[in-house]
Amino acid sequence: MPAQVMADDTITWRVQSHWPSASSSYGDSLETLRDLLDERTDGRLQLELHEAGSLFGHDEIFSAVSRGVLDMGTISPAYERDRLSLAGIVYGLPNAFQDTWEAAYYYKQMGIEEMIQEEAAEYDVFYAIEKVYPTEMVLTEIPESVDDYEGMNIRSSGLLQSYLSETGAAASMIPGEELYQSLQTGVVDGAHWGAVQGALSMSLYEVAPYHVRPPLNIGGIDAYVISEDSLEELPEDIRETVKNTIEEQFWRRTNEYIYLEERALAMAKAEHGVEVIELPDEVQQRMLETAETMWEEEADESEMAAEAVEIMRELLTELGHLDG
């Protein structure tokens, strides 16, 4: 097991993140979690953090945790669609929820997180949604027409990569640590890395000053994954502290993110001249039509995925977002 137990009974977990250290979530989420667990366990559990790319690639973290090579990691479910049938749904289906609280209620109160936890457990992994927030694009130039949009190369991942490709753009996956240079050199014309905070923390507005709204999706875009063996080997009080702190972090970070998004947008406008734009109407209509098709495709992934999509449809209907 990778966990190290020191002479003073201090347990050290090796933790690999998919976030570069420059990303806002690395500090506000992962470093905060490390500090809280240090405080709440009186120093008995230490998280040894490693930023994106330092030990494993972004798409290797889940497997490393599953094998017990890592005790814990952060991932995006977008990287695990081949393993987890609910990965696309938990990541956030496009054009579904209109507000963050709706998605949080769906995942936490309607059993969706428990569903993906059941799937992850088959790989000896404990899965916890890190927070709920929107995904929004930044662009280097404004597309004035469908033709302009179809000529764009956009960095994306997971379900949204398929979504953007099916709506006409050329979408491809680029690791976060290569993103700035790819925008700067014209390898891609746009990207998403979270929403405003993510783009600002990664300095993307220096080279891509156009911020697109409404969001592509609202979902559980990041997650903590923990080796079930590492978790079970903890003393019971520390194990409960880990789970309770992660749950508390979910609600704190989800709510905090809403406020920090607006503060970050004001800063981006003032410091980088960022302009909030909408895509052409024809593109937005195409996105709506494509989203409906993708909901059905995700439902076909498994019986559990079909149940999750049906629950989402019922919720959206109750909220007045879909016709009954």
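Stokes-Einstein diffusion for the range 274-324, with the hydrodynamic radius set to the Kirkwood value over Cα pairs and evaluated at 20 °C in a medium of 1.002 mPa s, equals 169 µm²/s.
For the range 69-183, the alpha-carbon coordinates run over 45, 35, 20 Å along the three principal axes, in decreasing order. Given their separation in residues at 0.36 nm each and the Cα-Cα distance between them, residue 275 and residue 32 gain 84.4 nm when the chain is fully extended. Within the chain, all pairs of alpha-carbon atoms sorted by distance into 20 Å bins from zero give the percentages 33, 58, 10, 0. Note on the range 201-324: Kirkwood radius taken over Cα pairs, Stokes-Einstein applied at 37 °C and 0.692 mPa s, translational D equal to 175 µm² s⁻¹.
Annotation: amide H of residue 188 within the under-5 Å range of 183, sequence separation 5 or more or interchain, hydrogens built in the peptide plane. Extension gain for the segment residue 302 to residue 22, taken as residue separation times 0.36 nm less the Cα-Cα distance, is 97.1 nm to one decimal. The orientation-averaged projection of the convex hull spanning the C-alpha atoms of the range 46-94 amounts to 4.0 square nanometres. Residues 202, 294, ranked from the fewest to the most other C-beta atoms within 10 Å, line up as 294, 202. Which lysines, on any chain, are close to residue 243 with Cα under 27 Å apart, when same-chain ones fewer than 8 places away are left out? Filter leaves 108, 131. With the simple model of a label 7 Å out from the Cα in the direction of the Cβ, residue 142 to residue 293 spans 2.9 nm. If you model the range 2-124 as an ellipsoid using its alpha carbon gyration tensor, with each semi-axis the square root of five times an eigenvalue, the axes come out at 27, 17, 15 Å, biggest first.
We did not get these values from a lab; they are worked out from the coordinates using the rules stated. The shown structure was predicted, so the numbers you read here are calculated from the model rather than taken from an experiment. All Cβ positions, glycine included, derive from the backbone under ideal geometry; neighbour counts span all protein chains shown.
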